[in-house]
Amino acid sequence: MHDDLRPSLLAGLIGAGIQRSLSPAMHQQEGDAQGLRYVYQIIDLETLGLTPDALPELLTAAERFGFAGLNITHPCKQRVLQYLDDLSDDARALGAVNTVVFQDGRRIGHNTDWWGFAESFKRGLPDAPMGQVVQLGAGGAGAAVAHAVLTLGAQSLTLFDVDPERARQLAASLCGRFGPGRAQAGTDLAAAMAAADGLVHATPTGMAGHPGLPLPPDLLQSRHWVAEIVYFPLETELLRHARALGCRTLDGGGMAVFQAVGAFELFTGIAPNAHRMLAHFAALQDAAAHAGAADTRGIARADAGAGAGRAAVPLGR
């Protein structure tokens, strides 16, 4: 179909340090496949010399230019809430938004991060035991992932964060939604891991700019499953170590793709082909690996890992 005859759609991503985000490529490629003239723009606060204080003006400008919506990433997922007219139930419960839809003169906030993790987990770790789960990281992405873990049926989730109060607040919020005793802030990581079925990692450790392991390696055992939200690189040091032990593992690529799947449908009203988007993501990762890009901090900070929490957690050892 000639470009002039295709339906047009404009969307974008607001965040800081996001020049290397894969979101434009994923959205535009799927838009082409769906017969859309889809343009997805990066609005990088760092490049523009702006702070999150510019959010009201950026949202207004996007509306005036005819954007269908915007993805929102670090450091704006909580800050954007005050500038929206309404929230989906999920976004309201999580207190964070990663997708804003402009509809009938209103700004509606959604959160597809938690669903993205849940969909990836169901495909990548089917039948994983969910009795006791340990999660490292209680920041913005950590809150979404914790919601997903309990939605998936975890009986007990123990949270660790470099800021113990943040872990306690998230645990209290989760118990309010899922019931007393479903989540708690941990104080002894070694003891928690000894009792755990699996580990969810939601801190920046393992990203290209933050190499290393987020916990002492001897705390992992072959019976554990390990789920990662970092997606650049796909194989973090944590995943390499876990696989060497024989653990079942899940990389962060699926979450990155499925949050985009959810956002694409919210922007376009069209259900995307998730398998095609997964294949395109894999091709983009291969291309990036072959290019051997030296500076990968931007891509690591965008989307899946944004707002995940800080690199270290109290080890309780």
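As an exercise, use a Förster radius of 35 Å and the Cβ-Cβ distance of Arg79 and Ala190 to find the FRET efficiency, rounded to the nearest 0.05.
0.45
For Cys175 paired with Glu57, estimate the spin-label separation in nm (one decimal), with each label point 7 Å from Cα along the Cα-to-Cβ line.
Calculated label separation equals 4.4 nm.
Starting from the Cα of Arg123, step 7 Å along the direction of its Cβ; do the same at Arg64; then give the gap between the two resulting points in nm.
My value for the distance between the label points is 4.0 nm.
In degrees from 0 to 90, rounded to the nearest 10, what is the angle of the helix 23-33 Cα long axis to the longest principal axis of the chain?
Roughly 60 degrees between the two axes.
Based solely on its DSSP helices, what 222 nm [θ] is calculated for the chain when runs of n ≥ 4 H residues each add -39,500 (n - 2.57) and the sum is averaged over all residues, nearest 500 deg cm²/dmol?
Value at 222 nm, helices only, nearest 500: -11500 deg cm²/dmol.
Under the classification rounded if a/c is under 1.5, otherwise prolate if a/b is larger than b/c and oblate if not, where does the range 114-253 fall, given a ≥ b ≥ c as square roots of the Cα gyration tensor eigenvalues?
rounded
Only loop residues by DSSP count here, and only those with at most 10 other Cβ atoms within 10 Å; note down the chymotrypsin sites (Phe, Trp or Tyr not before Pro) in the range 37-66 that meet that.
Phe65
Pull up all non-local amide H partners of Leu22: gap of 5 or more, or a different chain, and H-to-H distance under 5 Å with H placed in the peptide plane.
none
Report, in degrees rounded to the nearest 10, the 0 to 90 angle that the Cα long axis of helix 274-291 makes with the longest principal axis of the chain.
With rounding to tens, the tilt is 80 degrees.
Using modelled amide H (1.01 Å from N, peptide plane; none on Pro or chain starts), what sits under 5 Å from the amide H of Asn71, excluding residues fewer than 5 places away?
Gly12, Leu13, Ile14, Val100
Classify the range 10-138 from the C-alpha gyration tensor, please: rounded if a/c falls under 1.5, else prolate or oblate depending on whether a/b exceeds b/c.
In terms of gyration-tensor shape, prolate.
Tell me, what ³J(HN,Hα) does each residue in the range 219-224 have, in order and in whole Hz, if you take phi through Karplus 6.51 cos²θ - 1.76 cosθ + 1.60 with θ = phi - 60° and put x for Gly and Pro?
Using θ = phi - 60°, the values come out as 7, 7, 10, 4, 6, 6 Hz.
Mind listing the phi-derived Karplus ³J(HN,Hα) values for the range 259-272, rounded to whole Hz, using 6.51, -1.76 and 1.60 with θ = phi - 60°, and x for any glycine or proline?
With coefficients 6.51, -1.76 and 1.60, one gets 5, 6, 4, x, 5, 4, 5, 5, 6, 9, x, 10, 6, x Hz.
Just one of [x] 1.00; [y] 0.96; [z] 1.04 is Rg/Rh (Cα atoms, Kirkwood Rh) calculated from these coordinates, so which is it?
Answer by label: [y].
Note the angle between two axes, namely the Cα long axis of helix 140-151 and the longest principal axis of the Cα atoms of the chain, as a number of degrees from 0 to 90, rounded to the nearest 10.
Long axis of 140-151 versus the principal axis of the chain: about 70 degrees.
I'd like the Karplus ³J(HN,Hα) series for the range 64-76: coefficients 6.51, -1.76, 1.60, θ = phi - 60°, whole numbers in Hz, and an x wherever there's a Gly or Pro.
Values, residue by residue: 5, 7, x, 4, 6, x, 9, 7, 10, 10, 3, x, 10 Hz.
Taking every DSSP beta bridge with both residues inside the range 1-153, roughly what % is antiparallel (nearest 5)?
Around 35 percent of the beta bridges assigned by DSSP in the range 1-153 are antiparallel ones.
In the chain, what % of DSSP beta bridges are antiparallel (nearest 5)?
20
For the range 64-175, what does the alpha-carbon gyration tensor say about shape, rounded, prolate or oblate, given a ≥ b ≥ c as the root eigenvalues, a/c under 1.5 as rounded, and a/b over b/c as prolate?
prolate
Report, by chain and number, residues whose modeled amide H sits under 5 Å from the one on Gly198, excluding near sequence neighbours (fewer than 5 apart, same chain).
Amide H to amide H, under 5 Å and 5 or more residues apart or across chains, Gly198 pairs with Gln132, Val134, Trp225.
Any read-out appearing in this document is the output of simple, stated calculations on the displayed coordinates, not a laboratory observation. Bear in mind the structure is a predicted one, so any value in this text is a computation, not a measurement. Because the Cβ atoms are built from the backbone with ideal geometry, glycine has one as well, and the counts that use them run over all protein chains shown.
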